[in-house]
Structure formats: C-alpha cells, structure tokens
C-alpha cells in the first residue's frame, strides 16, 4: 500500500479495554483504522484506555470489542465511572464502534439467565437477555454501507427499544436475536454490532465512514480520502456474500 | 467408523478395556502441543521397556480411542499393555473421564482456540480443572501458565502434583510460548519449583536440558523438531515420565528416546520437493501461529499460507488479527490459498507484507508454488483441512507411500 504524507491532520483513536475486551480479534479494527488513516494521509494517534486510567476526553473515535464474562466484570466499574464522559462524547457526535460485549454494555441492561439485571450505560436503546444457547456463525448484513460480512459468537439475545435503528438487516446469520432480522444498533454516530471478523478490514466502506466522521470532528472540515486499493478486501467480502447468500 | 459402532453398542466398552491396566491411564490435554508431547511421552516410556497403548494422531476423540483399541484387543476384552497414554482435547477429555477416570493427567496450557466451539477461554480452563478433579493418582501442571498452575488448588487430597516449566533464566522468552494478553495480573503467585519439577534450560537454538532441582538434569539433548515450543513439550513429557516411573526413570533412556522422536503430522515435517526442502507447519490458533512464526522466523524462506474455515479449522478467521505477521515483511508471501485465501491476503496487507499471488484453489496454488519457486527452500503454514488436502497432493506428486498417515508404532 502506498504511504502518503500524514499532513492532513492528527486523529485520536481510543481503544477502550483492549486487554479485557478483545478476545476475538477485535484489535484488528483498531489496526485497520490506524492503517487506513495513514493511507488516506492523516496521522493516527492510537490511545489504549485501561480500567482505572483517566478517559481521554479529546477522543475523535472510540472503539470497543468483545470479551468474556470475566473481562466484562473487570471493566464494569471503570465503565460506570466514565459513563458520563462517554455519554457526553456520544451526544456531541463522536463516532464510536462497539462490538459484541461492549455493544451489550452500551445498551440499557444485560439480564442474565438467572434473572439478574446488570445495568449498561444506555447510549444505545437496546436490552440483552442471556441465553443458554449461543448464536455462532458467519453473517452477511444489508447496511447503509452495502453488504457487510463478519462472524457472530454471542449468547445474549438483544432487543431494540422502540424507534432504535439497527445497524443492518440480516441476509445470513442470526443478528441481534435470531428472530426480528435486525443486527446491531445505531444512534447518532454510535454503532453497536455483534460482528467480529474483525468487521472493519473486510468492510472498508464502513471503516471509511467512521474515519470520515472522526475527521470532521477532529478538524472541522470534510474528509478528503486518499486512494486506497481495496481489491483484496472486496474479493474477501464478495466471496463470503456469494458463499452465504448466493 | 468402527469406533462409532462400538461406542453405541456398549458405552462401558472403554471402562472394560482400560480397567486394570497395571500402570494406569494417562490423559494429555491442553490447547497446544498435545500431539507432540504425547508422542514424546510414549517414546520415553517405551524406551524404558513398557508396553504403551496410545491413540493415533488426529483422532483425539473418544471414538478414535476406541477405534485404536479394536485393533489391539484380544478376545478376552482386556488390552495387553502396561499403561495407556491418550491425547484428548479439553472437551473430550472430560467425556472420557466420565467413563474412565485417568490415573494421571498432563495439563499443557490454555490459549484461545476455536472459540466457535469452546466460546470462552475461561470455560476451557474450567474443563481442565474438572479433569484434574477426576484424576486419581497424579497431575502434571504447567508452572508458567497461570490458567493451568492455579489448578493445583483443585487437585483432590492425596493426588500428587508435579510441575513443568521454564528455567527462570529464560523467563523473558515466555511470550514465545503463551499469549500474555488474556492473562491478567491477579492474586495468583506460581509455586516455587521443587526437585520433582522439570525446568527447561536451553543452551542454544537447538540444544537444551531439563533440570530437576540443583543436582539432576536430563540432557543436554537436541530434538529433530525445532523451536522452543518443542523443547517445552519435551520438558512436559520428561516431567510426566519421571512422575510415572519414579526411581525406574533413567536419564540416558529419556534422552535417547526424545532425540529419536520424529516431528509429528504437520509440525515441521520436511519433504524433499524436487531437491529442495518443503516444510509443512500446522497453524490453528493465535498462540500456535505466533510460536510457529518465531520458530521459523530466523530462517526466512519462500512462504505460502493456506487458510480454510471448516469446522476442524475453526470457522471464525478473526483470530488471524491476533497474530503479528511482521516477521514475514522481508521476504513477503509467495501465495495465499484456501477458502479464506483473500482474508489471509487482506490480513497481510494490514501488516505491510507483500503477497505475490492469491489462489483459493489449494491444488492450483500448490502447483504454482512448487513451479514458481522450484529452486528455493519453501514453507507452508496451513490450517488442518488445508493441510490434509495439501498432503494428499504432495503424497501423490512425490510418491510418498504413507505420507499423510501416522506410521503405526
């Protein structure tokens, strides 16, 4: 990939809880955004936020991934502690992408199989119910960014609140709950989804949409894309779409 | 499959056949290194004159154990062996223990692997702990893997605990052997090793010894299989053999056996391809791929990577993003192949590794790889089902009679 000068401006990407909440390759989203920012001619500044540290309020883009139950337990108090900061950033238009476990924690609540209600931070109007059965497998979605491919692996069944927009509609796979055809949730510039894969490398149109929002927020001017050859990503994605939905 | 039939006929078949083996039943499990370690342990025990029953590579499920036994059981229904050493994956080890309680278990490590099957690494660690609880005589644990060493607290009273690990002088090399990012600093402190615990002390890239306390050592020795991972597997096998054999253990026999063990199926086997070496390396999870890249990284050769996503490979290819491929930047990658050839090429693109060709069809890719790089040493990293397909092709091409099947020992 040809590198361009990073002269268009600096973009601060914050990955929240990379140790606790990134077990299914979701670090790849951060890697993809950093590389693409560089290829577009911007300078990425990746910041890892760990529990107990001050949350960077100057974030231009916030990413979170999936973890296991023990990982969620380790981040819970920090997330509650920073809930106001995150809600303010979200309300102010900061783009965010929350995958799987962090998607659930960005919702209203997670209700365990035993009926215990674990509150989320309520940025997305979704509620997740724990299930005995996991929803596992490859996924194809129809989204505002075209076909999006990924892989889901979750036991939570998520319901959208009234008026909550989904991220996409399921063409193949289970999605939020396996019944209503929705996948993920979008409020303002905050995106929640179950898709690993990781989702951004194979779906560059969606990755660049996030970058565009982050650039506008950081620099107050429109995103000026560079030229990126996405032929390999397009092959990887269209082959998955063909395999799964024909 | 014959195993399936018998399992349906009599679920107690295993119990009957394995009961009363005079020296017991040893289960080897964990995420990485099961096959190599089992092979090494069996070799050491046989070198000491024991008759050992083991399951063939690649069939590490209960059914595979039964299939293997059918061939060796006389009409009496009793297995003629001193002991059994069985390689089982974490889930099947527990199923097996429900039928036959192991006398000994060797718990190697826990890493992210096929999360589409096991869902969570904590769950995998829990399975190993349950197996330890089912074990009746002795448990061997990985000192350095906190997921495994803390299982000591779950071992029943009266059951012995032995550890294997690395000598403190090479503690800085642990990241080559296990994932650090899923292990949290918590209240667990590993126990101080005693003279019963084997510690790996490498001398150089090939030669090493296993130390027991200040006085006793096994080695120096050189394995046919390269790399630190093979050395730690040998350390695990030696520690377990010593626990099983007690005072019968002979250092000379241990070294002789380990030095003769051939790399098993796809763990760095070398094929003569038109006069040039071709290495086949099985990769199935981030820890394994990372170990493989560091093992072979100091001798860069032309590389092909073949990734399938069938059930046996792991259907989710997200894990490729938990591996760093930067060590391949210098030479680049000749070909990516397999069902997910383009996903692999995409992964490499994000690590600035040049890929010359992408060809999902494995046979076409192999043909091009062998032709385009005919006069160079070559290496193929591949997932399980991709390896099976490539081996069949290579066996036919180079007239390797039994290539693809583990020779019966």
- Query: If you check B:346, B:335, which single one turns out to be part of a helix (DSSP H, G or I) and either within 12 Å of another protein chain (Cβ to nearest Cβ) or at pLDDT 95 or above (or both)?
  - Reply: B:346
- Single residue of the range B:349-360 satisfying the filter (out of contact with any helix residue (DSSP H, G or I) (no Cβ under 7 Å at 6 or more places or on another chain) and modelled with pLDDT of 95 or more) that is farthest from residue A:33 (Cα to Cα): B:356
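Give the range B:315-324 a look and list any residue that's under 23 Å from residue B:297 (Cα atoms) and surrounded by fewer than 23 Cβ atoms within 10 Å (Cβ to Cβ), or say none.
Going residue by residue through the range B:315-324, those that are under 23 Å from residue B:297 (Cα atoms) are B:317-324.
The answer is B:323, B:324.
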- Task: State whether the residues of the range B:361-378 include one that is within 14 Å of another protein chain (Cβ to nearest Cβ), closer than 18 Å to residue A:31 by Cβ and out of contact with any helix residue (DSSP H, G or I) (no Cβ under 6 Å at 6 or more places or on another chain).
- Result: no
- Listed residues A:190, A:215; which is under 25 Å from residue A:37 (Cα atoms), touching a helix residue (DSSP H, G or I) at 6+ places or on another chain (Cβ under 6 Å) and surrounded by 20 or more Cβ atoms within 10 Å (Cβ to Cβ)? A:190
- Message: Out of the residues in the range B:321-332 meeting the condition of being within 12 Å of chain A (Cβ to nearest Cβ) and outside any loop (DSSP other than H, G, I, E, B), tell me which one is modelled with the highest pLDDT.
- Response: B:321
- Going through (1) within 14 Å of chain B (Cβ to nearest Cβ); (2) in a loop (DSSP other than H, G, I, E, B); (3) within 17 Å of residue A:143 (Cα to Cα) one by one, residue A:175 fails only at (1)
- Query: If only one of B:353, B:358 is touching a strand residue (DSSP E or B) at 6+ places or on another chain (Cβ under 8 Å) and assigned to a loop (DSSP other than H, G, I, E, B), which one is it?
  - Reply: B:353
- Restricting to the range A:119-143, what's the tally of residues that are touching a strand residue (DSSP E or B) at 6+ places or on another chain (Cβ under 8 Å), under 21 Å from residue A:77 (Cα atoms) and surrounded by 16 or more Cβ atoms within 10 Å (Cβ to Cβ)? 9
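Could you tell me whether residue B:318 is touching a strand residue (DSSP E or B) at 6+ places or on another chain (Cβ under 6 Å) and within 12 Å of chain A (Cβ to nearest Cβ)? Let's see the steps before the verdict.
Numbers: touching a strand residue (DSSP E or B) at 6+ places or on another chain (Cβ under 6 Å): yes; within 12 Å of chain A (Cβ to nearest Cβ): yes.
In short, yes.
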- Kindly provide the set of residues from the range A:6-21 that are buried (at least 23 other Cβ atoms within 10 Å of the Cβ) and facing chain B (nearest Cβ under 8 Å), ordered by number. A:20
- Note on the structure: Taking the range A:143-172 and keeping only residues that are part of a strand (DSSP E or B) and out of contact with any helix residue (DSSP H, G or I) (no Cβ under 9 Å at 6 or more places or on another chain), one is left with A:152, A:157, A:159, A:160, A:165, A:168, A:169, A:170
- Item | Of the criteria (1) crowded, with 21+ Cβ neighbours inside 10 Å; (2) at positive phi, which one residue B:289 fails | (2)
- Of (1) surrounded by fewer than 21 Cβ atoms within 10 Å (Cβ to Cβ); (2) closer than 17 Å to residue A:44 by Cβ; (3) under 13 Å from the mean Cα position of the chain (by Cα), residue A:200 fails just (1)
- Query: Going by the conditions given, is residue A:141 in contact (Cβ under 8 Å) with a residue 40 or more places away in the chain and within 16 Å of the chain's Cα centre (by Cα)?
  - Reply: yes
- Query: Which of the residues belonging to the range B:371-389 are in contact (Cβ under 8 Å) with a residue 12 or more places away in the chain and out of contact with any strand residue (DSSP E or B) (no Cβ under 6 Å at 6 or more places or on another chain)?
  - Reply: B:372, B:374, B:375, B:383, B:384, B:385, B:388, B:389
- Message: Conditions first: (1) assigned to a helix (DSSP H, G or I); (2) in contact (Cβ under 8 Å) with a residue 40 or more places away in the chain; (3) within 22 Å of residue A:137 (Cα to Cα). Residue A:191 passes all but one, so which condition is the exception?
- Response: (1)
- Assuming residue B:312 fulfils every condition listed in (1) surrounded by fewer than 21 Cβ atoms within 10 Å (Cβ to Cβ); (2) farther than 26 Å from residue B:396 by Cβ; (3) touching a residue at least 40 places away in the same chain (Cβ under 8 Å); (4) within 20 Å of the chain's Cα centre (by Cα) apart from one, which condition is it? (2)
- Query: Mind checking whether some residue in the range B:16-32 is at pLDDT below 80, crowded, with 17+ Cβ neighbours inside 10 Å and either more than 19 Å from residue B:384 (Cβ to Cβ) or not assigned by TED's automatic domain parsing to the domain that holds residue B:245 (or both)?
  - Reply: yes
- Message: Can you list the helices (runs of 4 or more DSSP H) lying wholly within the range A:28-118 that have 1 or more residues being modelled with pLDDT under 95 and surrounded by fewer than 24 Cβ atoms within 10 Å (Cβ to Cβ)?
- Response: A:69-81
- Note on the structure: Subset of the range B:218-240, residues over 23 Å from residue B:292 (Cβ atoms) and modelled with pLDDT under 95, comes to B:219
- Restricting the range B:171-186 to residues that are touching a helix residue (DSSP H, G or I) at 6+ places or on another chain (Cβ under 8 Å) and at pLDDT 70 or above, which is surrounded by the fewest Cβ atoms within 10 Å (Cβ to Cβ)? B:173
- Task: May I ask you to list pairs of residues, at least six apart or on different chains, whose Cβ atoms are under 8 Å apart, with the first in the range B:343-368 being on the phi > 0 side of the Ramachandran plot and the second being outside any helix (DSSP H, G or I) and crowded, with 19+ Cβ neighbours inside 10 Å?
- Result: none
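The values are calculated or read from the model by the stated rules, or taken from the named source; none is laboratory data. Just so it is clear, the model here is predicted, and its values are computed rather than measured. Heads up, the Cβs are rebuilt from the backbone with ideal geometry, glycines too, and the neighbour counts pull from every protein chain shown.
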